[in-house]
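Colleague: Structure in C-alpha cells, see below.
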Amino acid sequence: MRALSPCSTGQLRPRTYDGPVAQAESPGAGPRAGGTPASGRPDPQRRRPGSGSVDPLDNTLLDGRYLVQSRIASGGTSTVYRGLDTRLDRPVAVKVMDSRYAGDEQFLTRFQREAQTVARLKDPGLVAVYDQGLDARHPFLVMELIEGGTLRELLGERGPMPPYAVAAVLRPVLGGLAAAHRAGLVHRDVKPENVLISDEGEVKIADFGLVRAVAAAGITSTSVILGTAAYLSPEQVRDGDASPRSDVYSAGIMTYELLTGRTPFTGDSPLSLAYQRLDTDVPPPSAVIDGVPAQFDEFVERATSRDPGERYADAIEMRADLDAIAEELALPDFRVPAPRNSAQHRSAALQRSQAAQRPPTAQQPKPPGPAPVRQPTRQMTRGPEDWAEPVRPAQTDDEGDDEDDYEYESVTGEFAGIPISEFVWARQHNRRMVLVWVALVLAITGLVAAAAWTIGSNLNGLL
C-alpha cells in the first residue's frame, strides 16, 4: 500500500466551491485536457497577454508534428497545452509529462501501454486519445481538445445541481466508464476535475490510465497519492486495490457532491480525509440539502457502500439504475452548460491574442533542440475523416478581460439558477399537495353542510 501524504487540504463549502482537497505529488492532481488544475482554480502561472512570462514549450514543435500554442493548466506531474496537429491541421490537447519521467523505463512502458489501450476505446463519454510519444525530455499524450471546461469549474460557478442536471452529467460519464469496464480498465480517479463539458453540451471523462502509469514509475515514492483522497474507495485506502466497484464508489461520491455542493467527508489532511471512509458511511444527500428525491438517496447509498460486494458491480449496472430512476421521476432531458469562466476558454483567448499580435514571420514554429533523443511516436488515429472540428462559440470584443470578475450568485430556493418549481419531481409534489388541500376543503365543506342540515332539522322539529 502506498501511504498518503499528510499535507494541507481545502474544505468544500456548499455553493461556494473553493476546490477539492489539495494534494502533494498526486497523479490525480494533474491538469485536464481542456480543463483546470485539480484545485479548480485557474493556473496562477498561466501566461496572459503582456505578462512577460514565457513558457519554455511555447511555439515548440513536438516530435516534428505537434505545435504547442498556449498553456491551459499545470499540475504536479504534467502540463496541458492547446496545440495543433500540423499534419492533420486540427486542434488538439497535448498533455506533457514532467521531464523527470523521460528516463524512467517503467513509466514509459506503462505510459505507452495505457495510452494504446485507451485509444482503442470508442464511446461518446470518453475523451479520445490520438497519439503518444517522447520528444527529447518530454513524454507527451495527444488528446481530443474539448472546447469548454471542467465539471469542477461548473460547480464553482453554479453550486449544487438539480436531479435532472445530475442525471444529465452522470449518463455520459457512466457510459464512458462502462466502455472502459467492459475492456477490463479501471479509471482509479473519478472526480469533477476529470469530467469535461464542451460548449456544445457534451460531457466526457478524461485521464484514464495516468494513475497506473505514474504508480509504475521507478521514481514514484510512497508519498504519492494514488488517486484523490476525497474520492478514494475504502479498499483503495486500505490496501491499494482498485476494481470497477472502486470507480462506482468514486462516482457515488461525485453524485453526492453534485447534489449537495460538497463532499461527504472533510479533514485536516488527505490522510485523515481518506481514512474516514473506512468506518463511516456516506450520509444521504437529503440530509444536507432539501428536495433530493429518495431514489437518489438510495442510489448514492448503494454506490458508496463500504462493502464492495454491496455496490453496483460496475458502471454498466450503475448506469442502468440511473436510467430507471430518471424514468421513474420523469426527469426531463437537459443540456449541461459549459462553465463560462474556464481555463480552457482563457487559453483559447490567449492563443488568439498571440496569433493576432505576432508578425507573419514570427508565426513559424521554432525548430527542435539540437539532436534530440526521440522514441518513435505511436500513431493512434485512422485519419482526419474520423474527426470533426469543434464549432467555436462566437466571442464579443469585451470578453476575455473581465472573466475573473464573473461569478454566479447563489439564489435561495433555486438549484443552479433554475427555480425548483421547474423540476418535474417538484411539480409532482406540488400537484399532490393541491389534491390534499382540495380533499381537505371538501371534507370541511361536507362537515359544515352536515352540521347545518342537522341544526336545521332540529329547528324544524321544535317549530
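Read-outs throughout are calculated quantities, based only on the coordinates presented, and are distinct from any laboratory measurement. Computed from a predicted model, the values in this text were never measured in an experiment. When we count neighbours, we look across all protein chains shown, and the Cβ atoms used for this are built from the backbone with ideal geometry, even at glycine.
Colleague: May I ask you to derive the FRET efficiency for T266 and Q116 from their Cβ-Cβ distance with R0 = 45 Å, giving the value to the nearest 0.05? Don't jump to the answer; show the numbers that get you there.
Modeller: Details: r = 39 Å, r/R0 = 0.87.
That gives a FRET efficiency of 0.70.
Colleague: Which length gain, in nm to one decimal place, applies between R306 and E328 when the Cα-Cα distance is subtracted from 0.36 nm times their residue separation?
Modeller: Result for the pair: 5.2 nm of gain on full extension.
Colleague: Something else about it: In whole Hz, with x marking every Gly and Pro, tabulate ³J(HN,Hα) for segment 156-164 from phi via Karplus 6.51 cos²θ - 1.76 cosθ + 1.60, θ = phi - 60°.
Modeller: With coefficients 6.51, -1.76 and 1.60, one gets x, 7, 10, x, x, 10, x, x, 5 Hz.
Colleague: Which order do the peptides 321-333, 256-268, 169-181, 79-91 come out in when sorted by mean C-beta neighbours inside 10 angstrom, highest first?
Modeller: By packing density, highest mean first, the sequence is 169-181, 256-268, 79-91, 321-333.
Colleague: Another question, if that's okay. Note the direction-averaged projected area, equal to a quarter of the hull surface, for the Cα convex hull of segment 27-328, in nm².
Modeller: Orientation-averaged projected area of the Cα hull: 15.6 nm².
Colleague: What's the extension gain from E200 to A450 if we count 0.36 nm per residue and subtract their Cα-Cα distance?
Modeller: Stretched fully, the E200-A450 segment lengthens by 83.7 nm.
Colleague: Between R182 and T280, what is the label-point separation in nm under the 7 Å Cα-to-beta-carbon projection?
Modeller: Taking the simple label geometry, T280 and R182 are separated by 3.8 nm.
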